[in-house]
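Enquirer: Quick one: the structure is below, questions incoming.
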Amino acid sequence: MKTLEHNPLPYASVAELLDGLGLLGYADIFAENDIELDILPELTDRDLKELGIRSLGHRRRLLREIGAAFGTGPAVPDGDAPPTPDEAENAPWKRQVTVLFADLSNFTKLTEGMAGEDALAMVREFYGVVDPIVEQFGGKVENHMGDCTLAVFGLHSTTGHDSLRAVRAAERISAAFRGRTSATGAPLGVHVGVASGHVVILGSQVGSLSDGSYTLTGASLNLASRLADAADDGEVLISDDIYRTLADHVDVTVRDGLRLRGIEGPVRAWLLARTTDPAVPRIFVGRSAELQSLRRALDRTKQDSRGKVVCVAGEAGMGKSSLCRWFLSDGAAGGVPVHEALVLDYGAGHKSHAVRELARSFLGRPDRETMQDAIETWLEAGKAEPEVRLGLYHLAGAALPAPLVKLDDALGTAGRDAAMRAALGMLAARHADRGPVIVFLEDLHWADARVRDAVRDLAQVARTRPLLLLLTTRFQQSRIDEQLRAKLGREGVETLELSALDQSEAETLAQSLADRVSADLVATCLDRAQGHPLFLRQLMAHLSAGPSDAVPNSIEGLVQSRLDQIPAVDRQALRAASVLGQRFSVDAVRWLLGDDGYAMDGLVAADLVQPMGKEYLFAHALIRDSAYRLLVRERRQALHAAAAVWFKDTDPDLHAVHLDRAGDPGAAAAYLEACRAMFAANRPDMARKLALAGRRLKPARPIRAALELELGRLALDAGDANASLGAFGEALRLAGSAGDVVTAMIGQVQAMRVIDRIDQALAVLDDAQAIAEAEGIDAALAQIHYLRGSLYFPRGNIDGCRAEHARAVAFARSCGSAEFEAQARSGLGDAAYAAGRMRTAHAEFTRCLELARRHELGRIEAANLFMLGTVRIYLNETEAALADALNSAEIAVQTRAQRPEIVSRLTAGWVLISMGRLAEAHREITRGLEISGALGARRFDLFLQESLARVLFLQGDRAAAGALIAETVDGALDQARTFIGPWVLGTAARLSRDPDKRRSWLDQGETILAEGCVGHNAFRFRHAAIEVALQDRDPQALHRQADALAAYTRGEPVPWSDFHIARARVLARVFETGGADGETAQELGRLAGIARSARFEGLAADLAARAGN
């Protein structure tokens, strides 16, 4: 090791070194951390970051100077430091090549008994024929192995048609030996194999291959050799991959099911008969016709004030974007505004989602400082609901104003997506209302569900407004045009499928690209490009760097050819950028290269990348894909590892993805953290993808257990209780700590609660509580007691319910969790409700909601708002109760909270029935039944069926009502006796005309009430029994039921019960006296006023009529 004494420094102190670099401002940091000169050689990039030196350039400059000053070379590398370009240049590298293997036929037999000199002469003659042919067709003989020749096409320089040249060389070699004899008179024959693929080169780099000091490895070498072995004398066998590439250039016969030594499984090969001239493309369509179609579509949009969808489709590089750009230039010149966005497949671009890019275009592409003003300007231009307002802020990527934060928390992913869709539709519609507008979405084949939904929404706008929706796609997986046509009709969607350019269009394109390029070279490019626009563009760009006869037969070969022509640092930069994705930042590339001064100018000039705002974009996605595939695995993994470090502090999901692609054992843990971050950011769909990616890696037990916990929570959030149970069960099996065991058990109980597996859930809670108490886990105990109280509620165990929730409050406060306290408060509200203490319930739910709003616990607010509405029914706050129920239902839809939506619609149905709004009540109840049935929550089915039976009865369908309530009675007595039994029995008695059945059902209801059950039964059963007594004109029964309800509510009377008690008693007097005297009429009038105020419309009318009589 070098020491200070042996290597005198040009600096007397750290401060002097920093001053020499213009970085004296960091001197205090070094001094505060006791870093002297002797420590400097040991510093790493990570150390400098920990010191607070955030500038990558400053860190790199310091490390270089320290290495030079101490004579140690670069400072000590660490896991954060990627390999430098020079290191990468000396590493193994990869190329796409075509391999030709030619073997003399029957050589062993021919040389039996032959003098060694004659055998050598025969081999030299073989080489003398084969080698010139290989060189004539642009290949290079890499090795002579006795009677065999190995030639490679595309290793030293890429022609672009390497496979075709190799096959033609093989054809020529075979022909050269047909009927040939050697100087000794022996017949000479040959059999040839040709295969393509990657080879890895060891020991050299481009520009240094001429010395021959390198080694080739790759499956294509072995395959070509084995195909030659399988070929008979005079035959040429080509690989299946080459056949698919050259199908239009060869006449062949299939050789299927070959068994080749060293290659697993049967192999398909093709016996070459002859090569042919390039075939005319199957579809040869010019661009002028398509351009005219686009213009006609725009003209119709202007004239008819109705838009259209035009889908431009074709394979990669066929000129879809160029056609649209030409057209859009025409549209812009005519004053038609254009709003566009590009759909990206992977990388940094996912942060600028195409839908958001389109929204920003609609907003005028304001900068960060003016974004909020731009949004508010649009919102002020017309009425916008809060959800649309929220969606617009999300689309723009702007910070949410304070009034929208709570709504955002409550909405959840599905609601937020719906809000953004509505906002995008609003923007598009308002633009189109001003006049014709063009919306251009490029590369729709990469689209995710959100973008496809946006396309459908925009297409709907185009149906009624002058909006021309222009799309480009490859039609790789699904036909978006057919999907749209099914919705909009054939007239509303036009598809333009592009094929190769015709000669005149290709010539026009070539001339526009020619810059000091000879006419002969332009003509050569035109001939070789065969009308493929991207191939032609890339060929012409390649010629601009100097003369070349390279001809692409695939984008990978073309990119390889282009890389051969650019400086090494640019070549490495392009390959490094390919790891980052289709769009990337120059800072990230600099980090991967270890060169803070690298500039993208060379790659931009070479037309390989193009600037896009502050970032860069590959000129074509396949350029990126090809550059990525040309990376050797070790180099690719090293770059991914470095990229993971780059994204570590800024983008947890990309950090995890890069660790995964680097083969890092920490990838699964990174996926776990990224999953949690996405869930916290209300992006559950992305969170689930990340958790599944982590699980796919089969990580160690603790990480796998944690991933299963997250998947359980995500499934529960999505309403899939069965999937949630499965995930939590697996988490429990894998759990290694008491905390993880209890967490998994709590998750199981939450899922069981959704599907009413109450007994099983209670048993699991008992086990979980024992562990949590033993370990002193207060947070878990808060949840356990809350859940047990919630499970006691439907069983009618009121005292147990109240006691459990009180314990939950205590444990929540002990662990300082506002969330758990709010949950427990809601449980206390449930307990009070179950005990028939509706005022107390109202107070507890109000406290719960206040706590949720104070701490922005949107999910808890959404889950309890309907209960506030329910208890308001009993306070005769009918309008407020309906508003709460409908608002709660809407929030539940947006947050995909199915249980709250069911009960919200049930509550709305109750209120609407009391208000006489039966059609609306029917709609709400039916929707609740649909959700409950899908969820498998039988308890809610019974509640909803009872309400629907009442609606049917009041609508006059007594038969349907009777059949439904009879079915509901059976279900309630069997499955929910103490939860809803008396309520259902009272309704059944009320709807029946059979006196015996009425009496029986009422008796059963009285029995269950005496046993103890949930409090709403007392209210609803007594109300139903009062109605039965009124039907029977039985004053004694009226007094008895009024007294029973009064006794039940004596501890905490509420306006609803007070009203029904007074009504029963005054109507009993009417029956007893045969009419209404002055005092009775006055009481009837008073009650009619209360009924009107409470919106009991039917009761109000009846009481008013009786008072009048």
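The values are calculated or read from the model by the stated rules, or taken from the named source; none is laboratory data. These numbers come from a predicted model, not from an experiment. Don't worry about glycine lacking a Cβ; one is built from the backbone with ideal geometry, like all the others, and counts go over all protein chains shown.
Enquirer: Could you check region 10-32 and list, in sequence order, the residues that are part of a loop (DSSP other than H, G, I, E, B), touching a Leu at 6+ places or on another chain (Cβ under 9 Å) and exposed (fewer than 13 other Cβ atoms within 10 Å of the Cβ)?
Expert: Within region 10-32, the first condition is being part of a loop (DSSP other than H, G, I, E, B), and the residues that meet it are 10-13, 21-23.
This time we only want the ones that are touching a Leu at 6+ places or on another chain (Cβ under 9 Å), so: 10-13, 21, 23.
Selection gives Pro10, Ala12.
Enquirer: Right, here's the next one. Take the conditions without any contact (Cβ under 8 Å) to a residue 12 or more places away in the chain, under 25 Å from Ile873 (Cα atoms) and assigned to a helix (DSSP H, G or I) and apply them to Gly1089. Does it pass?
Expert: Working: without any contact (Cβ under 8 Å) to a residue 12 or more places away in the chain: yes; under 25 Å from Ile873 (Cα atoms): yes; assigned to a helix (DSSP H, G or I): yes.
Against the criterion (without any contact (Cβ under 8 Å) to a residue 12 or more places away in the chain, under 25 Å from Ile873 (Cα atoms) and assigned to a helix (DSSP H, G or I)), Gly1089 qualifies.
Enquirer: Run Glu901 past the list (1) under 19 Å from Ala1024 (Cα atoms); (2) within 37 Å of the chain's Cα centre (by Cα); (3) charged (D, E, K, R) and report the number of the one that doesn't hold.
Expert: Answer for Glu901: the failing condition is (1).
Enquirer: Here is a follow-up. Under 30 Å from Thr473 (Cα atoms), of a type in the set (S, T, N, Q) and modelled with pLDDT of 80 or more: which single residue out of Ser329, Ser361, Ser352 fits that description?
Expert: Numbers: Ser329 fails: modelled with pLDDT of 80 or more; Ser352 fails: modelled with pLDDT of 80 or more.
So the residue among Ser329, Ser361, Ser352 that is under 30 Å from Thr473 (Cα atoms), of a type in the set (S, T, N, Q) and modelled with pLDDT of 80 or more is Ser361.
Enquirer: Does any residue of region 762-769 turn out to be without any contact (Cβ under 8 Å) to a residue 40 or more places away in the chain, over 25 Å from Ala832 (Cβ atoms) and not in a helix (DSSP H, G or I)?
Expert: No.
Enquirer: Go through Ile746, Ile755, Ile771 for me and flag whichever is more than 21 Å from Ile860 (Cα to Cα) and in contact with a helix residue (DSSP H, G or I) (Cβ under 8 Å, 6 or more places away or on another chain). Lay out the reasoning, then the answer.
Expert: On the way: Ile746 fails: more than 21 Å from Ile860 (Cα to Cα); Ile755 fails: more than 21 Å from Ile860 (Cα to Cα).
Only one candidate passes the filter, namely Ile771.
Enquirer: May I pose another question? Those residues that are part of a helix (DSSP H, G or I) and more than 19 Å from Asp766 (Cα to Cα), I need them from region 801-819; list them, please. Full working, then the answer.
Expert: Applying the first criterion (part of a helix (DSSP H, G or I)) to region 801-819 yields 801-815, 818-819.
Across region 801-819, the qualifying residues are Arg813, Ser814, Cys815, Ala818, Glu819.
Enquirer: If the Cβ limit is 8 Å and pairs must be 6+ apart or interchain, which residue in region 429-449 that is at negative phi pairs with which residue that is of a type in the set (Phe, Trp, Tyr) and surrounded by 23 or more Cβ atoms within 10 Å (Cβ to Cβ)?
Expert: Taking only residues 6 or more apart or on different chains, the pairs are His431/Phe362.
Enquirer: Here's a follow-up. Here's a check for you: in region 984-1000, which residue that is among the hydroxyl-bearing types (Ser, Thr, Tyr) and in a helix (DSSP H, G or I) is nearest to the chain's Cα centre (by Cα)?
Expert: Thr987
Enquirer: Regarding Met420, is this residue touching a His at 6+ places or on another chain (Cβ under 6 Å) and on the phi < 0 side of the Ramachandran plot?
Expert: On the way: touching a His at 6+ places or on another chain (Cβ under 6 Å): yes; on the phi < 0 side of the Ramachandran plot: yes.
Spelling it out, Met420 is indeed touching a His at 6+ places or on another chain (Cβ under 6 Å) and on the phi < 0 side of the Ramachandran plot.
Enquirer: Using the structure shown, decide if Ala599 is in a helix (DSSP H, G or I) and in contact (Cβ under 8 Å) with a residue 12 or more places away in the chain.
Expert: No; evaluated as a whole, the condition is false for this residue.
Enquirer: Quick check on Glu710: is it without any contact (Cβ under 8 Å) to a residue 40 or more places away in the chain, part of a helix (DSSP H, G or I) and over 21 Å from Tyr833 (Cβ atoms)? Full working, then the answer.
Expert: Working: without any contact (Cβ under 8 Å) to a residue 40 or more places away in the chain: yes; part of a helix (DSSP H, G or I): yes; over 21 Å from Tyr833 (Cβ atoms): yes.
The answer is yes for Glu710.
Enquirer: Suppose we filter Leu501, Leu496 for residues that are assigned to a loop (DSSP other than H, G, I, E, B) and surrounded by 15 or more Cβ atoms within 10 Å (Cβ to Cβ); which single one remains? Break it down stepwise before answering.
Expert: Details: Leu496 fails: assigned to a loop (DSSP other than H, G, I, E, B).
One residue alone meets the criteria, Leu501.
Enquirer: Which pairs turn up if I take residues in region 826-838 that are free of Cβ contacts under 8 Å to residues at least 40 places away in the same chain and look for partners that are polar (S, T, N, Q) with beta carbon separation below 6 Å, at least 6 apart in sequence or on another chain?
Expert: Going by the 6 Å Cβ cut-off, the qualifying pairs are Ala832/Thr840.
Enquirer: Residues Ser888, Ser914: which one is within 30 Å of Ile1061 (Cβ to Cβ), touching a Pro at 6+ places or on another chain (Cβ under 8 Å) and either free of Cβ contacts under 8 Å to residues at least 24 places away in the same chain or not aromatic (Phe, Trp, Tyr) (or both)? Full working, then the answer.
Expert: Numbers: Ser914 fails: touching a Pro at 6+ places or on another chain (Cβ under 8 Å).
None of the others qualify; the one that does is Ser888.
Enquirer: Out of everything in region 602-627 that is at pLDDT below 90 and part of a helix (DSSP H, G or I), what residue ends up being surrounded by the fewest Cβ atoms within 10 Å (Cβ to Cβ)?
Expert: In this case the residue turns out to be Ala605.
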